[in-house]
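Structure record follows, encoded as C-alpha cells.
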Amino acid sequence: MLLIDAGLDAMNVDVKGDASAVKKFCKTVDVEKVWGACTLARARGVHVEITTLDIPTVNDSDATIQGIAERLCRDLGRDVPWHLSSYCPAYRFTSPPTPIQTLERAWMIGKDAGLHFVYVGNVPGHPHDNTYLSDLRHTLDPSHRVRSNPNSTSCWPVSTLSTANPGRMADSITRQQCLVHQDQQKVVRHIG
C-alpha cells in the first residue's frame, strides 16, 4: 500500500509456480501472499504483469501452467499480460534449459484459458514475444514502451494499448492516438 500511495502505477511480479513448487524451491515464500498483493494492486488501479520462469521438472507441468493461467483469469483478469520465460542453467541450479516446445505449449495453455496477452520470453525472435497492433499494421515487442507525452520520461508497457485494459493507461491512450516511431528508443508516441 505504501508504494501505491507514493505513486507506484505498474509492477511485474514473478509467479514461480504452484504452492508445492514455491514451497520446495522458494522456502519461506507464501504464494498466496504474492497473489494477494497482485489482487490488491489491481484493485488500486496498478498495471500488473506476471512473469513465470518456466523451469523443466520444477514448474513446467501442464497442471501447474494451467493452474497459473486459470488463477490469472479468475483473480486478476484476462487482460493482465503473462510472460513465460525460458530458463537457462546458472550457478548451482542445473535443470536443463527450457525447450521452446515447452514454452509454446505453456503459451497455448494460457491462450486457451482465455488470457489475451501471453508472451514467450528469453527466446530471441520468437513470434509469441510480440504484441500485434493490427490497426496500426505494426508488430511491437515487449521492449517497446508507450509515452503519453512526447516530452515525458514516463513509459508504460505496450500491452496496455492492445485492448480496453482496466489498467491506468486505457483511459488516456488508444491505438488510434499512437504513431509507431522507429527511432533508437523504439517508442510508440502519443500524437494527440
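With θ taken as phi - 60° and the coefficients 6.51, -1.76 and 1.60, list the Karplus ³J(HN,Hα) couplings across region 52-68 in order, rounded to whole Hz; mark glycine and proline as x.
Coupling constants for region 52-68: 10, 7, 7, 10, x, 6, 10, 9, 9, 5, 4, 5, 5, 5, 4, x, 5 Hz.
Enumerate the amide H contacts of Val29 below 5 Å, restricted to partners 5 or more residues apart or on another chain; note that Pro and chain-start residues carry no placed amide H.
When sequence neighbours closer than 5 places are left aside, there are no close amide H contacts.
Amide H of Asp60: which non-local residues (sequence gap of 5 or more, or other chain) have their own amide H closer than 5 Å, using H built in the peptide plane?
For Asp60, the qualifying residues are Ile55.
All of the numbers you see were taken from the coordinates with simple rules; none came from a lab. This structure is a prediction, so every number in the text was calculated from the model and none was measured.
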